[in-house]
Amino acid sequence: MSSTTTDQMDGLPVVSKLYLSSSCPELKAESVISDFSDTEEILSDIERVVTPPIQEEQEEFIIESTSLPSPIPLSRIGLPTTTTAGLAIPTALPSSSPLSSRRSLEWQFKGLTVWLELEEFDNDLTRAVEYFSSKHNSPFIPQSHTTAIYGMEHLSIEEARARLRTVRDLIPQWPTFAKPTGITSDIAQCGRPGQVCDIAWSELTLATNPQHEAALDILYELFYGSVYHRDRPWKPHNSVAYDNPETNHLSLLDTIMYASQNPSLLGMERRVAAIALWSTVGKMGDWECLERVRFID
């Protein structure tokens, strides 16, 4: 994956560059997003960099995606109806298809996994997850998250739960994440560096720093002891959509359009609200939250 950089200009979100991913035959790519203006400017920038030209059906999709339907009641997707002062409520769903009708994620995952649950503004991360799953009838991510440790198989559930309960003694508050550095939409292949499964995904790409690296080391030592291995540097991200590679309907442009209309996704620093232990054995539909420790009450 190419590296991303962020420039700031008047505090407004805009597509500055687009890098096509060599791992994907279609328009699955990593974009560099710095500051945004409006939809017309986004489309203008995309037209200048993407070659070959966007096909007719893609152009029609972009036009349609700039005008999303009226919001639906939050109660239909199980979200609270309260709002946060000063923050716009993100665009709601195009439709709300039953979860039972959506595709399942076919990859068989493993072990016990530790997630960071990021602070939300008017449920913006949860809304994004539901939006893409409903729009594409794609697998539904059960909880918006940033993975800290994946697939532990050396601890029993009770041992792992007991260790998680002590995490605030070691890390009173996880360091705050800066604004996302960009958006990535790509296809992972198990065995590639840093990739542990075969899935398509779209994410908000986050940045690490020495404080995050130190906190992650403490977390690994808590669960593995003094001898452990992890990839460095950490590449934190918050996925908003998953799909199977062979049935993938996710699109980088689609994700950019949604983010441009929901500016809190790229425009806010986020505290870590909670840390959670999940069983990720089996398919995503089998995942289960086992324990949660809150950093923010």
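Descriptive notes on the structure:
- Ser138 vs. criteria buried (at least 19 other Cβ atoms within 10 Å of the Cβ), under 16 Å from Trp287 (Cα atoms) and among the small types (Gly, Ala, Ser): no
- Here Leu155, Leu170 are screened, and the one residue that is under 20 Å from Glu117 (Cβ atoms) and either free of Cβ contacts under 8 Å to residues at least 60 places away in the same chain or surrounded by fewer than 21 Cβ atoms within 10 Å (Cβ to Cβ) (or both) is Leu170.
- Residue count for region 222-261, restricted to those that are in a loop (DSSP other than H, G, I, E, B) and in contact (Cβ under 8 Å) with a residue 12 or more places away in the chain: 12
- Residue tally, condition of a type outside the set (S, T, N, Q), closer than 21 Å to Ala276 by Cβ and over 14 Å from the mean Cα position of the chain (by Cα), over region 173-188: 2
- Whether a residue is without any contact (Cβ under 8 Å) to a residue 40 or more places away in the chain and not hydrophobic (A, V, I, L, M, F, W, C) was assessed, and Glu288 passes this test.
- Selection count where residues are open to solvent by less than 50 Å² (accessible area, probe 1.4 Å) and more than 28 Å from Val129 (Cα to Cα), scope region 222-244: 3
- Residue pairs meeting the criteria (Cβ under 7 Å; at least 6 apart or on separate chains; first open to solvent by 20 Å² or more (accessible area, probe 1.4 Å), in region 117-129; second among the hydroxyl-bearing types (Ser, Thr, Tyr)): Glu120/Thr126; Phe121/Thr84; Phe121/Ser264; Thr126/Ser144
- In the set (1) open to solvent by less than 20 Å² (accessible area, probe 1.4 Å); (2) closer than 20 Å to Leu105 by Cβ; (3) assigned to a loop (DSSP other than H, G, I, E, B), the condition left unmet by Cys190 is number (1).
- Residue in region 200-221 that is part of a loop (DSSP other than H, G, I, E, B) and open to solvent by 60 Å² or more (accessible area, probe 1.4 Å) present: no
- Residues in region 111-128 that are of a type in the set (D, E, K, R) and not in a loop (DSSP other than H, G, I, E, B): Glu117, Asp124, Arg127.
The values are calculated or read from the model by the stated rules, or taken from the named source; none is laboratory data. Note that the structure is a prediction, hence the values are computed from the model and not measured. Backbone-built Cβ (ideal geometry, glycine too); neighbour counts: all protein chains shown. All accessible areas refer to the heavy atoms of the entire protein, side chains included, with ligands and DNA or RNA removed. Shrake-Rupley method; radii C 1.70, N 1.55, O 1.52, S 1.80 Å.
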